Each structure stands twice: as C-alpha cells, then as structure tokens.
Amino acid sequence: MNEVKCECGHVNPHGTILCEACGRVIEEGTQITAEPLLDMRYEGSARRSQTYNKTIIDKIWNFFSSVKVGVWLIIITLISSAVGTILPQEMYIPPVMPAAEYYEDQYGWVGRLYYNLGFHNLYSSWWYLLLIASIGVSLVICSLDRVVPLYRALKKQRVVRHESFLKRQRLFGVTNGSITKKDYETVTSLLKKRRYEVREENGNILAEKGRFSRWGPYVNHVGLIIFLIGSMLRFVPGMYVDKILWLREGETKVIPETDGEYYLKNVEFKLEVYDKETDNKAFGAALDKAGMVAKNYQTDVVLYKKKGNAVAGEEPELEEVKSKSIRVNQPLKFDKFALYQVDYKLGELNKMAFSLTKKSTSEKSGDISVNLNDPEKMYDLGNGYSVELLSYFPDFEFGDDGKPTTKSRIPNNPAFVFKMYSPEKPDGEVSFVAIKQTIEPLGDNEYKMAFNGIETKNVSALTVRKDLTIWVIALGGAIFMIGVVQGAYWNHRRIWIQRKGNEIWVAAHTNKNWFGLNKEIQLVLAGTEIDEPHDQLKENQIDKGEKD
C-alpha cells in the first residue's frame with residue numbers, strides 16, 4: 001500500500017489518520033474532521049485491521065483483532081467451563097462401571113445428554129482446547145494490531161504539533177501575549193519537579209510522563225498468553241498428572257504415570273474421630289446430630305523403587321525409598337510427584353470363607369477362602385473334594401435379561417457360581433451363592449457352599465499429582481498483575497506549550513484522570529502570566545444541552 005506524506009514532510013503508513021510527527025489530520029473530509037475532539041486512543045496511527053481487507057490472511061487478522069470477538073470467545077469459554085462443573089468430570093467418578101452407564105444411572109437423561117455432548121471430559125476435549133487457543137490467538141493479534149502502531153506514533157511525535165491537533169485536545173487554552181523568560185523558566189522547572197520529561201524546541205515545550213502506563217494492557221495480554229500456554233501444557237503427556245490411587249491395607253501397587261518405576265505399599269490406614277466426652281464437650285449436641293466426624297485420617301505408606309528390569313510376568317525387585325504417614329495437606333513428595341490423602345473407605349470386603357458341606361449331615365469336607373480382589377479358579381480340598389469358581393460377580397445384580405451381572409469391579413455385593421466336586425459327584429454340582437441367597441439351577445445338590453465368615457480391609461484414596469506447569473501459570477499471573485498495577489496506578493500525561501504569533505497555546509492530554517491533570521497544570525502555571533486551559537468536553541456538553 002502507498003505511504004502518505006504529510007505537509008510537515010513526515011511519511012506515514014497508509015491508513016494513518018493523524019500524522020505521527022505533527023498530529024495534523026491527514027484524511028480531510030472523513031468523520032474524524034467532523035468531531036470536535038480528537039480520538040487519541042492509538043494516536044490516530046494506522047492499524048492493520050483497519051487498513052487491509054483483501055486476502056484471507058487479512059480477513060483472519062481482522063476477525064481476531066476485534067475486541068468484541070475476544071470478549072465473546074471468553075464468554076463462551078466461561079459458560080462452557082461452568083457447564084463442566086454441573087456434574088463431576090469422568091476422572092473424578094468412581095471406576096464402578098463405564099462412564100456412559102454411570103452418568104445415565106446416577107443422573108438420568110440429563111447425565112446421558114451430558115455424556116453425549118462431551119462435557120464429561122470437557123477440559124481435555126478438542127473443542128475446549130480450540131476455544132482456549134482461539135483466545136490466545138485473539139490476544140496476540142489484538143495486541144500486535146495496536147501496540148506496534150502506538151509505539152511508533154509515540155516515539156516519532158515532535159515537540160511542535162499542528163494547530164488543528166492542539167485545538168482539538170480536550171484541555172486547550174490561548175493566552176494573548178508572549179511568554180517571558182521568567183515564566184518560561186518557572187514552568188520548565190515546575191514540570192521537571194513533577195517528574196515530567198521536558199523537551200524544548202525554539203521556545204516550545206512538550207512535557208511528558210507516565211508513558212510506560214500505556215503498555216499496561218499489553219503487559220496484561222502477555223501475562224494472559226503465558227497463563228494460557230501453561231494451562232494448555234497440562235494436556236502434554238508428562239507435564240501434568242492428577243490421578244486417584246485406591247490402595248487397600250497391606251496392598252502394594254505401582255504408582256500411576258511413573259512408568260512402573262515407583263510402587264507404594266499401604267501399611268495401615270488410621271482414622272481418629274471426635275469424642276464429645278474427651279475432645280470438646282461444647283460440641284456434644286452437634287456431634288450427636290452429625291454422628292461420626294473425622295478428626296484425622298492418614299495412611300502409613302512405604303515408597304519403593306524398582307531395581308533393574310524385571311522379566312514380563314515376574315514380580316519386580318523393589319528397593320525401599322522412604323516411609324511416611326500421609327495426612328490431608330501433608331503429602332508424600334518424590335521425584336516431582338506428590339501423593340495426597342483425599343478419601344477413604346472403611347470395611348471393604350476383602351475375603352470370604354466358605355465350607356464345602358454335605359447338606360444331609362452338615363459334615364464339612366474342607367474350607368476355602370476367596371480373595372475378592374484376585375480370586376483363584378480352583379480350590380483343592382484333598383480326598384477327592386475340590387471347588388471350581390466358574391463365575392464371579394463383585395457387585396452382583398440381575399440384568400434386564402434376568403441373568404446375573406455386576407455393576408462394578410468393587411466387591412460391594414459379591415456373588416459366585418461354584419462347581420463342587422466330591423467322590424459321590426465326580427462330575428460336579430453347580431451352585432449360585434450370593435449374600436443370603438443360594439440357587440441350585442440344575443436341581444437339588446448333595447453339597448452346598450456354607451458361608452464361613454468374611455475379612456474386611458480399609459481402603460485409602462490417594463491423589464497422585466505432578467505439575468510441571470505451575471511455574472508457567474504463576475509467571476503468567478505475576479506478569480498480568482504487573483500490567484494491572486502499571487495501567488491502574490499511573491497514567492500517561494502530556495502538556496504542550498507553544499508560541500503562535502502573539503499568543504501562547506496550552507494543550508494537554510491524558511489517557512485517564514483528567515481531574516488530576518487539570519490540577520497539575522494549575523500548579524505548574526500558578527504565578528505565571530499564562531492562562532489555564534479549559535475543558536472543551538464539558539463546554540461542548542453544556543452547549544449541546546442549551547441547544548436541546
């Protein structure tokens with residue numbers, strides 16, 4: 001695009017409204033010439049989004065440079081994020097059944113719709129990540145579209161500005177007579193005392209301070225962009241881990257997301273509850289109403305590290321690293337990981353004991369113990385007696401077809417299909433055994449599996465967390481707050497004092513706090529022959545009101 005040369009000799013980029021050097025309105029006859037005051041937001045400099053609109057790149061740039069588009073992207077993202085909190089995300093639901101069945105079972109048609117729309121895994125869905133990326137692109141393009149021309153215009157501004165530029169500033173005034181040397185020195189000295197950077201040219205003055213505050217919003221944008229990058233890094237494998245590990249007492253499991261390198265053993269789970277007699281009698285009534293209230297719960301664990309490479313199917317050799325009691329907000333930390341105590345389950349069924357018993361005489365032929373988390377297929381009782389486990393249903397219920405099924409892998413309501421072998425029945429007898437229920441589907445049996453006791457264990461829920469993105473997010477937040485302070489507590493002020501024949505022209509501009517600027521000019525001009533400028537915006541509003 002062709003560049004535009006101003007009367008002052010400065011060459012401006014195409015699309016510039018106010019000359020970067022002298023401030024003259026370049027495109028006469030446009031809407032800006034009809035306005036009583038100049039729009040100084042970007043110093044009238046050329047912005048790419050308002051200049052080019054031909055290629056597909058121009059159209060994409062113009063779309064994302066719109067503040068309205070950015071605001072709508074943020075609103076849509078906020079609404080989506082809010083919807084994602086209505087029901088728990090899939091990572092937080094218990095692993096009792098497939099997610100689709102769980103949402104429908106727990107929340108009905110709302111849960112089914114929630115799952116089908118993809119809100120169960122909202123924060124890792126492709127369209128949510130696309131929204132986050134779009135906000136980042138909008139921030140980058142918005143910032144570049146404005147900060148580059150603004151920087152160029154502020155850097156190239158001259159001390160002497162065009163008459164039309166000065167006349168159409170909000171604060172403007174004219175004093176008849178020439179400025180004396182004493183007044184000139186007084187004004188210059190007072191401006192410097194008030195931390196203005198003063199530039200002089202042939203008796204004309206440009207005093208400026210607080211320009212750095214103009215970059216506050218763009219520092220905000222940089223902080224937000226870094227914050228968004230940190231948030232999106234959480235979806236990069238290995239950068240962020242937030243998993244739940246359920247560990248029974250005495251059990252040793254590999255810690256998720258450690259590539260099989262670290263193992264954890266639950267030595268013991270401990271629960272302390274408040275006692276109204278010993279802890280605080282004042283809360284006795286509240287404890288009677290609430291029932292058992294946890295005072296402290298912790299898991300005593302041992303952390304192991306695998307030694308060498310184990311052969312597939314072979315138990316790995318483990319080396320103890322450390323032992324610790326994990327409490328709420330007192331995690332076990334190792335190798336950029338942290339294990340937090342978040343939940344527990346008391347008295348989960350662990351083993352069930354049965355006796356192979358002859359129904360007619362109640363004579364026992366042997367005992368078996370079924371590990372509900374890892375049951376064996378065959379139990380040999382000797383002397384020709386054995387029991388085969390044909391089917392196992394940890395959380396038993398009858399399905400819609402009338403056949404036994406399981407709601408989850410957790411042994412909440414175990415049921416079994418046993419085949420019992422004896423010398424009298426070498427081909428075996430089939431029996432379906434559940435809690436308080438026994439069914440003999442193939443007719444009356446001579447033998448039965450008599451319940452002989454249970455063993456329970458406490459289960460501890462630990463959150464496995466690793467976050468390598470927190471410093472990026474913290475850095476983005478810190479930079480954002482610096483931008484907020486930079487833009488909120490300082491303002492960009494400029495005062496022009498120019499000689500025009502036998503007159504002295506005073507004009508001033510600030511990006512905010514006009515009252516403060518006006519008071520500052522009064523202090524600077526006090527004791528001189530120079531009149532204070534008046535607020536043209538208020539005068540225009542008064543004139544308009546009188547005409548109405």
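Values quoted throughout were computed directly from the atomic coordinates according to the rules given, and no laboratory measurement underlies them. What you see is a predicted model, and the numbers here were worked out from it, not measured in a lab. FYI the Cβ positions are ideal-geometry reconstructions off the backbone, even for glycines, and counts take in every protein chain you see.
Structural size metrics of the stretch 300-363, computed from C-alpha coordinates, are Rg and Dmax of 20.6, 63 Å. Annotation: amide H-H contacts under 5 Å for K209 (H modelled 1.01 Å from N, sequence separation of 5 or more, or interchain): E197, R493.
Given F64, Y151, L87, which one lies farthest toward the positive end of the charge dipole of the stretch 55-202, if we put +1 on the Cβ of every Lys and Arg and -1 on the Cβ of every Asp and Glu? Positive-end residue among those listed: Y151. For K364, the lysines whose Cα comes closer than 25 Å to its Cα, not counting residues fewer than 8 places off in the same chain, are K351, K377, K419, K425, K436, K448. Under the criterion of Cα pairs below 8 Å and six or more residues apart, the relative contact order for the stretch 429-548 equals 11 percent. Within the same chain, aspartates and glutamates fewer than 8 places from K182 are excluded, and of the rest, those with a Cα less than 14 Å from its Cα are E529. Helix 181-193 and the longest principal axis of the Cα set of the chain meet at an angle near 10°.
For the peptides 79-91, 110-122, the ranking by packing is 110-122, 79-91, with the highest mean count of neighbouring Cβ atoms within 10 Å listed first. Dipole check for the chain: with +1 at the C-beta of Lys and Arg, -1 at the C-beta of Asp and Glu, and the Cα centre as origin, the magnitude is about 3080 Debye. In terms of its C-alpha gyration tensor, the stretch 285-411 comes out oblate, because a/c is 1.5 or above while a/b does not outweigh b/c. Considering only I229, L264, H120, and ranking their Cα positions along the charge dipole of the chain that arises from unit charges at the beta-carbon of Lys, Arg, Asp and Glu, the one farthest toward the positive end is I229. The charge dipole of the stretch 1-146, taken about the Cα centre with unit charges on the Cβ atoms of Lys, Arg (+1) and Asp, Glu (-1), comes to about 160 debye, rounded to the nearest 20. A simple spin-label model places pseudo-atoms 7 Å from Cα toward Cβ; at A100 and S362 they are separated by 5.1 nm. Helix 536-547 and the long axis of the chain differ in direction by around 80°, with both axes built from C-alpha atoms.
Sort the stretch 349-482 into rounded, prolate or oblate with this rule: let a ≥ b ≥ c be the square roots of the eigenvalues of the Cα gyration tensor; rounded if a/c is under 1.5, and if a/c is not under 1.5, prolate when a/b is larger than b/c, oblate otherwise. In terms of gyration-tensor shape, prolate. Semi-axis lengths, largest first, of the ellipsoid equivalent to the stretch 120-208 are 49, 15, 12 Å, with √(5λ) applied to each eigenvalue of the Cα gyration tensor.
How high is the relative contact order of the stretch 98-241? Use alpha-carbon pairs under 8 Å, at least six apart in sequence, and give a whole percent. Contact order relative to length: 23 percent. 3J(HN,Hα) along the stretch 102-110, derived from phi through the Karplus expression 6.51 cos²θ - 1.76 cosθ + 1.60 where θ = phi - 60°, amounts to 4, 5, 6, 5, 8, 10, x, 5, 5 Hz, with x in place of Gly and Pro. Using a cutoff of 8 angstrom between alpha carbon atoms and counting only pairs six or more residues apart, the relative contact order for the chain works out to 18 percent. Note that the stretch 61-72 has calculated 3J(HN,Hα) couplings of 4, 5, 5, 7, 7, 6, 5, 4, 4, x, 5, 5 Hz, one per residue in order, obtained from phi through the Karplus relation 6.51 cos²θ - 1.76 cosθ + 1.60 (θ = phi - 60°); glycine and proline are x.
Quick one: Debye curve from the C-alpha atoms of the stretch 47-150, no solvent, what's log10 I(q)/I(0) at q = 0.12, 0.15, 0.17 Å⁻¹? Cα-only, vacuum Debye calculation for the stretch 47-150: -0.55, -0.69, -0.78. Between the C-alpha center of the stretch 237-265 and that of the stretch 166-213 there is a gap of 69 Å. Of the labelled figures (i) 45.9; (ii) 30.1; (iii) 27.4, only one reflects mean projected area of the Cα convex hull in nm² as derived from the coordinates, namely (i). Report note on the peptides 251-262, 207-218, 373-384: ranked by the mean count of other C-beta atoms within 10 Å, highest first, their order is 207-218, 251-262, 373-384. At q = 0.22 Å⁻¹ the log10 of I(q)/I(0) for the stretch 382-448 amounts to -0.91, computed by Debye summation with a single uniform scatterer per C-alpha, solvent ignored.
Within the chain, which cysteines find no other Cys whose Cβ is under 4.7 angstrom from their own? Lone cysteines by the Cβ rule: C142.
Projecting the Cα atoms of M352, Y385, S365 onto the dipole axis of the chain, where Lys and Arg carry +1 and Asp and Glu carry -1 at the beta carbon, places M352 farthest toward the positive end. Basic side chains Lys and Arg get +1 at the Cβ, acidic Asp and Glu get -1 at the Cβ, and with that the dipole of the stretch 316-399 about its Cα centre reaches some 360 debye. Rounded to the nearest 0.05, what FRET efficiency is calculated for D380 and M232 with R0 set to 45 Å and r the Cβ-Cβ distance? Given R0 = 45 Å and the Cβ-Cβ separation, E is 0.20.
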